[in-house]
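The values are calculated or read from the model by the stated rules, or taken from the named source; none is laboratory data. Model, not experiment: these values are computed from the prediction. So basically every Cβ, Gly included, is an ideal-geometry build from the backbone, and we count neighbours across all protein chains shown. Accessible surface is based on the protein model in full, side chains and every heavy atom, while ligands, DNA and RNA are left aside. Shrake-Rupley method; radii C 1.70, N 1.55, O 1.52, S 1.80 Å.
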Amino acid sequence: MKKKNETFSMMVILLIPVAIAINIVGGQMTSILKIPVDLDMIGVILVGALAGPLPAAVTGVLTNLINGIFDPTWIPYAFCAFFIGISSGLLSKYNMMTKVWKLVISGIIIALVGTITATPITVFFFGGATGGGASMLAAGLMATGKQILESVLSVYIVTESVGKLISVFIAYFIIKAIPERSLVKYKYGEKFIKTKSN
């Protein structure tokens, strides 16, 4: 029983690299396709839902640092990944990841956290453009005469909402596919077992 409640149990330590790989694949997919939606936090949300805020925050920061080896623009966004991890873990702690309507609310909250933390980084570090799909939309708004901050915020509030809603649901469906004998070994795993039996 004690093992399940440990913040970094062996199961969590084994889950983190898998979650980082999911994040990297999601991030690369959106980058290659140039779609204005980020799917690079699916693994962070997954870890948050099962293991809590701190392991999710670590997963997020490590993802951005690893991605930063190949593309340094990822590194400042480790700050956002940290807070997305904290928020997803807290939402799971308070049973906000077990039903469809709760997943929608959680997706919106995580999107707001992402928007609030990413907007100043995009504006002050990169002048409103990082080269992704969302940046192209923001550049289009700036071309119409809107201010940088207003343009980036307007784009992020939409793209983050769509991206985080998709991410929350993908994480949820991954959890639903995990066997119950494995779920019980995670801090918040039992919450999802109760959902499965309903």
* **Environment charge at Met41 (Cβ cut-off 13 Å; Lys +1, Arg +1, Asp -1, Glu -1)** => -2
* Would you tally the net charge around Ser31, using a Cβ to Cβ cut-off of less than 11 Å, leaving Ser31 out, and scoring K and R as +1, D and E as -1? => -2
* Structure fact -> Expressed in angstrom, Rg and Dmax over the Cα atoms of segment 10-187 are 15.8, 56
* **Longest to shortest principal axis, alpha-carbon extents of segment 34-135, angstrom** => 38, 23, 22
* **Protection-proxy order for peptides 158-164, 72-78, each taking the mean of Cβ atoms within 10 Å per residue, highest first** => 158-164, 72-78
* Please report, as a whole percent, how much of the solvent-accessible surface of segment 10-187 comes from carbon and sulfur atoms (probe radius 1.4 Å). => 76 percent
* Structure fact -> A chain fully extended from Ile105 to Phe126 at 0.36 nm per residue, minus the present Cα-Cα distance, gains in nm 4.5 nm
* Structure fact -> In Å², rounded to a whole number, the accessible area per residue of segment 10-187 with probe 1.4 Å is 45 Å²
* Please work out the Cα center distance from segment 59-118 to segment 4-55, rounded to the nearest Å. => 9 Å
